[in-house]
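Everything below concerns the one structure shown next.
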Amino acid sequence: MPVRCMEKGGEVEEVAAAAAAAVAEGKLELSVDDVMDRYMGSLGLSQLLHVLLVSFAWVFDAQSTLVTIFSDAQPSAWRCKTLDHHHTNASISSPSWCTDNTSNGRNAQPNHVCGLAAGTWEWVGGNTTSTIAEWNLICHRKFFAAIPTSLFFIGTIFGCAFYGRLADAWLGRKKTLLVACILTSTTTFMTSLSPNVWIYALLRFANGFARSGSGICCLVLSTEAVGRKWRGQVGQYGFFFFTAGFLSLPFITYPTRAHWRYLYRIISIPPLIYTIFLVTLVSESPRWLLVQGKNKEALDVLRKLANGKKLPDNIELIIPSSATAITCEEGDKNKSLWTTKWAAKRIVTIMTCAFGVGFVYYGIQLNAQNLNFNFYVTVIINALMDVPAVLIGGVLLGFTNRRLLLLMSTISAGVTCLLCIIFSTTSKDKAKVGGDGSKSTSSWPQLTVEAIGFMSASIAFNVLYVYCVELFPTNVRNFAVSLLQQSLMLGASLSPLLVVVGRLSPSISFAVFGALSIMSGTLSTWLPETRNAPLYETLKQQEEEEKHRRFSPASPPL
């Protein structure tokens, strides 16, 4: 029979009596991990298909997160208006006045229109190419352009707490993912109907709140369906789907580049279609079902994922007693984390580190337009750099210390961002009329260095999740990962402000990215090493065993 929380007094006797009764009835008491290791395998075909289907939701998560790279891009070209001889508009000044008051007329920088009279100039491509063009978010209104993206990430912070509770206590992982996909689709479509920048910003907040459930549920629902051996790899390689979503955006955007609203409408459709497959083909987490007391349903899911292998009929799923007993004793998980001195120091350190990594990781992506290179090519190359980042990170995690890997990746990202300053110019000198995206001779070196920096930031971003999982025991692990994600999103919410500054001076944005990345990596030296360390169940157990390992001559240093 499953282990459950007991009242004080007689707990040991009751557990022992239950175990004796199970033996007498001929039942085989096993945990979910035991069933997978002994009878199913850690990652069979059915489990792999389950993981792939669940992880596909990362595609929509990436599209919702990074769509503003295109929808909120500052148009690269403007031109002086020419008078229509058949329709004279008195408010439009002479074209020669517009040309005379700029350095080179039609090929001038967008910022140069700030001194021109309204109605004397227009955006090449029209006012529907982006939100900045439609609502004139330039000059004294330029920082308004950063508000929607910042509110999106702030919405994600609130959403993490909401979905975490929803998935753990009420709906479970599958239904919560279903809700997240439906809300993401709805808010994305509604965003395309925004009448002004303030409604647009509010809907981006709602969209950030909605999409935050996708990432959490994808990660948990995937890792809880496989055995111990593949848990880390499944968590890492799920980011490939995020990369696929990122990579899809330039190809969706280019045909709709004249109308930013069409972009939102297109990406609102796939999540709805996905829910059909989610409902019919994806199973709920057997671990969550077991915790909820639904033993029969949990066992049915395991048989479905068993890849045709027959499980013994007398299996009785149980929860490991050590984790359950301590959860009953310690009570509230949030309080346990913050009132345990070593754990509180650890979570504050990794949250501070995550703030900087989130700022740099998302900031570099949003900063793509401030490079001296074709916008679409830059985004595609950045997306492709996520692939080697996941591969390299996955391989290095197998034999490299987590602390060292995090330190080296953040410092590498910081140094390359600082090197980008050398190739930055005060004027981007984009080709305006032809729109061919040609740049100065420093374009390729700058893009190469920036791509390496983004890859390093991506490695640090991915490693942080694995590191956080290993730093804390089971009874506070989900809460710790939730705090980590909130810190990442808080950093991300501030990065759009720096991107706006980078439109005036790219060197400033790269300098801040570089310095913050190096500082974040330096903080990781205060954390203990976790490679080859066991995953503990409780705070008390981890504190005692880490202390023992620390003073044991044969143990690796923490």
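Overview of values
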quantity: Amide H contacts of residue 121 (H built 1.01 Å from N, under 5 Å, at least 5 apart or other chain); calculated: 81
quantity: Surface per residue (accessible, 1.4 Å probe) for segment 157-229, Å²; calculated: 37 Å²
quantity: Gain in span if fully extended, residue 422 to residue 127, counting 0.36 nm per residue against the direct Cα distance; calculated: 102.8 nm
quantity: Fraction in percent of alpha-carbon pairs per bin - 10 Å, segment 221-263; calculated: 25, 30, 20, 18, 6
quantity: Accessible-area value, residue 37, 1.4 Å probe, nucleic acids and ligands omitted, Å²; calculated: 70 Å²
quantity: Rg ratio (alpha-carbon, reference 2.2 N^0.38 Å) - segment 202-292; calculated: 1.33
quantity: All-pairs Cα distance distribution in segment 350-413, expressed in whole percent, bin size 5 Å; calculated: 3, 14, 21, 23, 19, 12, 6, 2
quantity: Cα centroid separation - segment 256-303 against segment 170-192, whole Å; calculated: 9 Å
quantity: Share of carbon and sulfur in the accessible heavy-atom surface of segment 455-532 [1.4 Å probe, %]; calculated: 71 percent
quantity: Stretch gain in nm, segment residue 158-residue 45, where the contour uses 0.36 nm per residue and the Cα spacing is subtracted; calculated: 37.1 nm
quantity: Above-threshold pairs, the threshold being 32 Å between Cα atoms, out of 304/341; 27/547; 304/547; 142/345; 175/309; calculated: 304/341; 27/547; 304/547; 142/345
quantity: Tail weight of P(r) past 20 Å, computed on alpha-carbon pairs of segment 106-193, percent; calculated: 54 percent
quantity: More than 22 Å apart - percent of Cα-Cα pairs taken over segment 437-542; calculated: 46 percent
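The values are calculated or read from the model by the stated rules, or taken from the named source; none is laboratory data. Since this is a predicted model, take the numbers as computed values, not measurements. Note: accessible area is taken over every heavy atom of the protein model, side chains too, but ligands, DNA and RNA are not part of it. Shrake-Rupley method; radii C 1.70, N 1.55, O 1.52, S 1.80 Å.
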